[in-house]
Amino acid sequence: MKRSQLGLVLMLALLSWVSFVGIHTILPVWAQSPAPSEQIAPESGTGYQAQPLTRADSFMVAAANPYAVDAGYKILRAGGSAIDAAIATQIVLNLVEPQSSGIGGGAFLLYFDAAAAELTAYDGRETAPQLATSDLFLEANGQPLDFFDAVVGGRSVGVPGVVKLLETVHQHHGNLAWAELFEPAIQLAEDGFIVSPRLATLIALDQDRLRRYPTTQAYFFHADGEPLQAGDRLQNPELAQTLRLIAEQGSAGFYQGAVAADLVAAVQGVSDNPGLLSLDDLANYEAKVRDPVCIPYRRYQVCGMGPPSSGGLTIGQILGMLNHFDLATLGSTSAQAWHLIGEASRLAFADRGVYMADADFVDVPVAGLLDRDYLRDRARLIDPQGPALETVSAGTPPEAQSFGSGTALELPSTSHLSIVDSEGNAVSMTSSIENVFGSRVMVRGFLLNNQLTDFAFEPIADGLPVANRVESGKRPRSSMAPTIVLDGNDDLYLVVGSPGGSRIIGYVAKTLIAHLDWGLDIQAAIDLPHRVNRFGTYDLEQDTIAAAEATELEALGYTVSVRDLNSGLHGIVVTPNGLEGGADPRREGIVRGD
């Protein structure tokens, strides 16, 4: 199927699903309240059908699938907190988009407590097994494995963190009973859900790998061997049973007992690529409370996840450098503006490759990377008029140690949800099993992650240890970037995040700039065509107005790649007149609120 055909199919399905879940009334564009600066019309020329801005008075949920949004919405209507709704939403996402996230994976969650005016970061990232060593992804000759040779099978599976994370945040901030939050997913798993065009297409594209194991073969294909099709009804009674155990026993129903035993057996029993996960690894897993990382940008505080995620730090660095340029005057169609954004991103990614990893194992210079003087000096490397820097290398932030530059191939299969409840509490949560369909190992109705391949395969570079090398019990570096923006009074202003591999950072940064600098409402900011530069090549979103900018950017010295850039942004803005929400038209997500 061609990409243009796939886009049309996905949009037709999205429109039918919107009708199915009974979405709220949407105000016309002229009735929308202005964004923080003077409202500017969004760009035309996108390759997808833009959605109208969604508004609500009391609460709102934006997530990647209508079934999941419906579950979160009903929890909020029943008096549930933002955390309650996030749990219900995530568990349904596990069922209806298993290729992206679920209880076999990990997540990062930012929570804003309105009553306490406090922001907390929760880390549910996977950990490497106790027996893992730095040569986990090396051949016998010392050369790194090919990516998919490492991914498919048990070797790449880290200790899943989602269940423990959800239990932890529920204990701190839940209103409704834990078991009640699993009921929507259990019922839907038993009754069956309609396979979406996106899921069907991804099954078809990955069918050779999915056929390698009997469990995935049986679940994602018909008895005659044909892959599931869009519109098929799919039931998952095994997942329903697993969720019942977790609902009744809490996280012990996952990390101990029969589910844990089956999980370990599945990982270790893959004959062609077994893993190292043990029962002790599961029993000892802990979700951690972290400090968020925040940086001032214009008149706001932009806050995200710190290590082991690189998302908050790298976005913070990008914005910290851009604080020294007047993007608002340049506007969203200016090649000069995108030149500035691209150069700041390249400089931040250079630091990311050297310094960012699990801070429980590596001395990450968090304060130094966000130091105002350091970012000013980095910004001075950028020529506002061009050309692009020929080479970009990591800087030397204050109190930084020396590491080798390590790379890890992060492919996009992740999900994001944004929620604000009627009390003003908010959740920004990004969750993942890493690659599409993760390790392709399925147990008890859910897929297991391949997050260990987010480590650098080679532990030494340029004679120095790589910060993001594999180590026992370590959490691999991530690009997930759940983000919460506070206004000048430290009140909640914006909740946003996205899937997309390492391009998550560019997607979220673009959306923040589009809203905070260029005055686009949150839906228009999400719709804005992507331009992403991580390592020198400027990726421009195909079939959009961005693709027409290739010549201008090439004249500035960039290599340009026009390609599909399939984000999954979901955002909510708090305004004096209520909540405004946006969902990414590039995927199946929607927004719903009252």
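The values are calculated or read from the model by the stated rules, or taken from the named source; none is laboratory data. Remember, it's a predicted structure, so these values are computed and weren't measured experimentally. We place every Cβ from the backbone using ideal geometry, glycine too, and count neighbours over all the protein chains shown. Side chains are part of the model used for accessible areas, which takes the heavy atoms of the whole protein and leaves out ligands, DNA and RNA. Shrake-Rupley method; radii C 1.70, N 1.55, O 1.52, S 1.80 Å.
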Show the residues, 5+ positions off or on another chain, whose built amide H is closer than 5 Å to the amide H of residue 460. 466
Where the centroid of each part is defined by its Cα atoms, how far is the range 556-591 from the range 152-203 in Å? 23 Å
Amide H proximity to residue 444 below 5 Å, modelled H, separation 5+ or other chain, gives none
Expected field for residue 491, accessible surface area in Å² at 1.4 Å probe radius, rounded to 10, holds 80 Å²
Using only the heavy atoms of the protein chains and a 1.4 Å probe, how would 133, 127 rank by accessible area, largest first? 133, 127
Percent carbon-and-sulfur accessible area, the chain, ignoring ligands, DNA and RNA, probe 1.4 Å: 49 percent
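At most 12 other C-beta atoms within 10 Å and a DSSP loop state: those are the exposed trypsin sites (Lys or Arg not before Pro) I care about. Give me the longest piece of the chain that has none.
Result for the longest clean stretch: 3-298.
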Lysine-lysine proximity count for the chain, Cα under 28 Å, sequence distance 8 or more or distinct chains: 5
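From Cα pairs below 8 angstrom and at least 6 apart in sequence, can you work out the relative contact order of the chain, rounded to a whole percent?
Contact order relative to length: 25 percent.
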Give me the accessible area of residue 246, 1.4 Å probe, in Å² rounded to the nearest 10. 0 Å²
Could you rank 173, 416 by how accessible they are, 1.4 Å probe, largest area first? 173, 416
Separation between the residue 393 and residue 286 pseudo-spin-labels, each 7 Å from Cα along Cα→Cβ, expressed in nm? 4.0 nm
Counting only helical runs of four or more DSSP H residues, what would the 222 nm mean residue ellipticity of the chain come to if each run contributes -39,500 (n - 2.57) and the total is spread over all its residues? -9500 deg cm²/dmol
Given (i) 4, 19, 30, 29, 16, 3, 0; (ii) 3, 15, 24, 25, 18, 11, 4, 0, 0; (iii) 3, 13, 18, 20, 19, 13, 8, 5, 1, 0 as possible values of P(r) over Cα pairs in 10 Å bins from 0, in percent, the one from the coordinates is (i)
I'd like to check one number: the per residue accessible area of the chain, probe 1.4 Å, reported in Å² as a whole number. 35 Å²
Looking at the chain, what % of its DSSP beta bridges pair antiparallel, to the nearest 5? 90 percent
Counting only DSSP loop positions in the range 135-210, the GluC sites (Glu not before Pro) whose Cβ has at most 16 other Cβ atoms within 10 Å are 139
To the nearest 10 square angstrom, how much accessible area does residue 147 have with a 1.4 angstrom probe? 30 Å²
Before anything else, pin down the relative contact order of the range 465-535: Cα pairs under 8 Å, at least 6 apart, normalised by residue count, whole percent. 22 percent
Go ahead and run the numbers for FRET between residue 148 and residue 535, Cβ-Cβ distance against an R0 of 30 Å, rounding to 0.05. 0.90
Among the helices of the chain (complete DSSP H runs), which have Cα atoms covering no less than 24 Å along the helix axis and a Kyte-Doolittle mean of at least -0.5? 3-21, 335-355
